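Working notes, beginning with the structure itself.
The values are calculated or read from the model by the stated rules, or taken from the named source; none is laboratory data. Since the structure is predicted, the reported quantities are computational estimates derived from the model, not experimental observations. Neighbour counts are summed over all protein chains in view; Cβ atoms, including those assigned to glycine, are modelled from backbone coordinates with ideal geometry. To get the accessible areas, we keep the full protein, side chains included, count just its heavy atoms, and leave off ligands, DNA and RNA. Shrake-Rupley method; radii C 1.70, N 1.55, O 1.52, S 1.80 Å.
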Amino acid sequence: MKKLLGLALALAMIPGLAFAAEPVLLYVNGIDGRNYEQQPILRDDRLFLPVRSVTEAMGYKVDWKGESKTVTVGDIEMVVGEKDYVAKGEKMTMDVAPFIEKDRTYVPLRFLADGMKLPVTWDGKNRVAVVGEYKSAPKFTRSKTVTYGNVTFSLPKDWEKQLVITYDHNQVTFYDKMNYEAQDGLGRIGEIINTANPDSPVPAILLAKGNCFYTLCTFASDVQVVDTGNQKLCDSYTKSNQLVREILKTVEIDDVYKEADRVKIGPVSMVLPEAYKDVIGVEEAGGNVLLFEKTNEKAKKGSGLIGTFRVVNQKELEKIEEDYRLFRYNKDGSLIFVRADKPSLKDPVLKKAYEEGVGKAGDILQTVK
């Protein structure tokens, strides 16, 4: 494994070595668009989207007149190859013209924002386009509202009969109750997580794009039914899965992460949210940078340590046996975060505080530069 890592790092340092461009990831109303037959295209530093796939997914009707190459979407009319278009009877102009590729019409991303007034964002670093949002009215009557960390959502009456919801390490997880009770830990439907890159390897719904993170609900990719031959267990899991997707339409995110809260300590730059400063502490010691949970650290020095940032050379890196995360590679000095061993805590209050700190630290680590 170390040899493969070394090879990958060495290749990355060879000047002029080019790799194929990463594909563009598209989310439409929170749904991953990778299953679309037509994918986004980058051309002349502009992102173009397949107009029919995107707008029909958002509930619009698309009409095409082949002779004049005219596309009509709702009350907007445009002509392929022309920058001018008409929206609600008013003449407007795009900065680049639509084009046809493989018998499909593509329009610039900005057109969806300016012409159709849709919420649109483009993340050039991660090559992610977001059109619309998942939020809408759920197919249930809202009975109560709950908040876990910075995530708030609504629940229907008697939801406890169908679901188990846990909150651990800053992560909300949904389970089907029948399968969960049949075998502890099974019945998992999905979890709400923060991530700097929304390119999820498993099925996911995009709930929000914040200042530093994307908030996703990632779904279980394997069978989470205790006995697939038991129809009641299968039906219960399916019902819970559908209910969770409705609950997710009500999610509100309190985005506490802001670039204005970025701090520079030694070789480490990270976002330390103002809202977390009573929970997470950072200090420089002996050339390293310590990240710790404050309640346990106050109770006993060192007991709140979550991990340590270190700058190590290649030889030192190869000798490290602890669990670590690599942030910057340089043969003369790589930045890593070495995770501390989990302390043995008997006090439930201190244990909960430490676990909460570890969860928040996990998000903070994603902001490290």
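Contact map, the range 51-70: first residue on the phi > 0 side of the Ramachandran plot, second residue in a loop (DSSP other than H, G, I, E, B), Cβ cut-off under 8 Å, separation 6 or more or different chains; pairs are Lys69/Val80; Lys69/Gly81.
In the set (1) open to solvent by 20 Å² or more (accessible area, probe 1.4 Å); (2) at pLDDT 95 or above; (3) closer than 26 Å to Val28 by Cβ, Gly190 fails one condition alone, (1).
Would you confirm, using the coordinates I've provided, whether Lys161 is surrounded by fewer than 18 Cβ atoms within 10 Å (Cβ to Cβ), of a type in the set (Lys, Arg), over 18 Å from Phe219 (Cβ atoms) and touching a Ser or Thr at 6+ places or on another chain (Cβ under 7 Å)? So Lys161 does not fit the description; no. The set of residues in the range 348-369 being over 12 Å from Thr295 (Cα atoms) and either open to solvent by 70 Å² or more (accessible area, probe 1.4 Å) or over 20 Å from the mean Cα position of the chain (by Cα) (or both) consists of Pro348, Lys369. Against the conditions (1) at pLDDT 90 or above; (2) under 26 Å from the mean Cα position of the chain (by Cα); (3) over 20 Å from Val120 (Cβ atoms), Phe19 satisfies every one except (1). Taking first residues from the range 263-277 that are at positive phi and partners that are open to solvent by 20 Å² or more (accessible area, probe 1.4 Å), the Cβ contacts under 8 Å between residues at least 6 apart in sequence or on separate chains come to Gly266/Glu284; Gly266/Gly287; Gly266/Asn288.
Exactly one residue out of Leu42, Leu49 is within 19 Å of Val120 (Cα to Cα) and open to solvent by less than 60 Å² (accessible area, probe 1.4 Å), and it is Leu49.
The residues in the range 259-311 that are acidic (Asp, Glu) and surrounded by 14 or more Cβ atoms within 10 Å (Cβ to Cβ) can be counted, and the count is 3.
Residues considered: Thr173, Thr166, Thr195. Of these, the only one that is exposed (fewer than 15 other Cβ atoms within 10 Å of the Cβ) and at negative phi is Thr166. Of the residues that make up the range 149-156, is at least one open to solvent by 60 Å² or more (accessible area, probe 1.4 Å) and out of contact with any helix residue (DSSP H, G or I) (no Cβ under 9 Å at 6 or more places or on another chain)? Looking for residues that are open to solvent by 60 Å² or more (accessible area, probe 1.4 Å) and out of contact with any helix residue (DSSP H, G or I) (no Cβ under 9 Å at 6 or more places or on another chain), one finds none in the range 149-156, hence no.
For beta carbons closer than 6 Å, sequence separation of 6+ or different chains, a first residue in the range 233-259 that is free of Cβ contacts under 8 Å to residues at least 40 places away in the same chain and a second that is of a type outside the set (Phe, Trp, Tyr) and open to solvent by 30 Å² or more (accessible area, probe 1.4 Å), there are no qualifying pairs. Taking only the range 210-232 into account, find how many residues are without any contact (Cβ under 8 Å) to a residue 60 or more places away in the chain and in a loop (DSSP other than H, G, I, E, B). Final tally of qualifying residues: 13. The residue that is most open to solvent (accessible area, probe 1.4 Å), counting only those in the range 30-39 that are over 18 Å from Phe99 (Cβ atoms) and modelled with pLDDT of 85 or more, is Ile31. Within the range 54-67, the set of residues being open to solvent by less than 60 Å² (accessible area, probe 1.4 Å) and part of a loop (DSSP other than H, G, I, E, B) comprises Met58, Gly66.
Of the residues making up the range 204-220, those that are within 16 Å of Ser240 (Cα to Cα) and not aliphatic (A, V, I, L, M) are Cys217, Thr218, Phe219.
In the set (1) farther than 22 Å from Trp122 by Cβ; (2) assigned to a loop (DSSP other than H, G, I, E, B), the condition left unmet by Glu181 is number (2). Regarding Leu243, is this residue in a strand (DSSP E or B), of a type in the set (A, V, I, L, M) and surrounded by 20 or more Cβ atoms within 10 Å (Cβ to Cβ)? Here the answer is no, as Leu243 does not meet what is asked.
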